[in-house]
1. If we keep just the residues of the stretch 256-279 that are over 22 Å from the mean Cα position of the chain (by Cα) and in contact (Cβ under 8 Å) with a residue 12 or more places away in the chain, which is farthest from residue 214 (Cα to Cα)?
2. Considering only residues that are part of a strand (DSSP E or B) and either touching a Gly at 6+ places or on another chain (Cβ under 9 Å) or touching a residue at least 60 places away in the same chain (Cβ under 8 Å) (or both), which ones fall in the stretch 126-155?
3. Would you check if residue 91 is assigned by TED's automatic domain parsing to the domain that holds residue 42, at pLDDT 90 or above, closer than 24 Å to residue 37 by Cβ and out of contact with any Leu (no Cβ under 8 Å at 6 or more places or on another chain)?
4. From the list 238, 177, 221, which one is out of contact with any strand residue (DSSP E or B) (no Cβ under 7 Å at 6 or more places or on another chain), surrounded by 12 or more Cβ atoms within 10 Å (Cβ to Cβ) and modelled with pLDDT of 95 or more?
5. Can you find, within the stretch 159-203, the residue that is farthest from the chain's Cα centre (by Cα) among those that are more than 21 Å from residue 149 (Cβ to Cβ) and not in a loop (DSSP other than H, G, I, E, B)?
6. Would a scan of the stretch 209-218 turn up a residue that is in contact with a Lys or Arg (Cβ under 8 Å, 6 or more places away or on another chain), outside any helix (DSSP H, G or I) and surrounded by fewer than 17 Cβ atoms within 10 Å (Cβ to Cβ)?
Amino acid sequence: MVHSLSLPAPAKLNLFLHINGRRPDGYHELQTVFQLLDFGDELYFELNSSQAITIKPEFNDIPVEDNLIYQAAKILEPFATNYKGVDITLNKRLPMGGGVGGGSSDAATTLIALNYLWQCNLSNEKLCDLGIQLGADVPVFVNGKTSWAEGIGEQLSPIKTPDCWYVVLAPEAHISTVKIFSNEVLTRDTPKMRIAPALEGQALNTLHNDCEALVKQLYPTVKEAIDWLSKYGPTKLTGTGACCFCRLSTETEARQVLNEASAKFKGFIAKGVSLSPAHQKLNEVETFAKDNSR
């Protein structure tokens, strides 16, 4: 019986983001590519005997009930066959409000970790159904594959993207998704595309983020970061957050650019991956547990 588990919560980038319309329920129809990265937060889970869910560190400005990690644990609680409560420790490395999926990824890692520790035995599909209740970006992290996404982001088609490295800059700005998506200036009529043409050759480089112009207008620090990084290649905003990224061929190039940026901006480099590091790690844990139970 496994009583503790450490799993990563990887970042994502939106390689483009097209908004195709607004639905009657207020959500937006969109098309995007979620590129998973090999860099992110880390969560440590340890079962306890108190039947309590605890999270460390505490965030003074966020009540625990509003923490997506706590909400993910509570939403899974009814399915537990080995419920003992859990102490969760978060090593936060991804910027909040950055558009790299930090909160959603933390929630997804909590779902897949506790599904294992609490022996819920839920399928990935069922976990995705639970995850969408927590946020539109949660299912892609639960599913654990770089994907083409449609709908509100929950209709996922796994894809293979070129092996490359990304420089991600995180200017000092916390951007509210609600604020951006509710702004009347936002473009909401980009025509829908089919997957194949969007992924051919260098097509991804030519696609855009419909939120970028508005975010740059409202947040000058984001515009400054995008303009600076554009010296090294096509640079885009990711999601509706503050972070921007540039794709480069090698780790050496990416590290050089990040070093030059460090005088002005915080950021990180990461390699694009097809399979989530959280799923890779859990697969290793499950294999090890099976081998040692024989």
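1. Looking at the filtered set, the residue picked out is 257.
2. If we filter the stretch 126-155 for residues that are part of a strand (DSSP E or B), which is where we start, we get 145, 147-150, 155.
If the condition is that a residue be part of a strand (DSSP E or B) and either touching a Gly at 6+ places or on another chain (Cβ under 9 Å) or touching a residue at least 60 places away in the same chain (Cβ under 8 Å) (or both), then 145, 147, 148, 149, 150 are the ones that fit.
3. Working: assigned by TED's automatic domain parsing to the domain that holds residue 42: yes; at pLDDT 90 or above: yes; closer than 24 Å to residue 37 by Cβ: yes; out of contact with any Leu (no Cβ under 8 Å at 6 or more places or on another chain): no.
No: the conditions fail for residue 91.
4. Every option except 221 fails the conditions.
5. That would be 179.
6. So far as the stretch 209-218 goes, no, none of its residues is in contact with a Lys or Arg (Cβ under 8 Å, 6 or more places away or on another chain), outside any helix (DSSP H, G or I) and surrounded by fewer than 17 Cβ atoms within 10 Å (Cβ to Cβ).
The values are calculated or read from the model by the stated rules, or taken from the named source; none is laboratory data. Quick caveat: nothing in here was measured; it's all calculated off a predicted structure. Please note: Cβ atoms are built from the backbone with ideal geometry, for glycine as well, and neighbour counts cover all protein chains shown.
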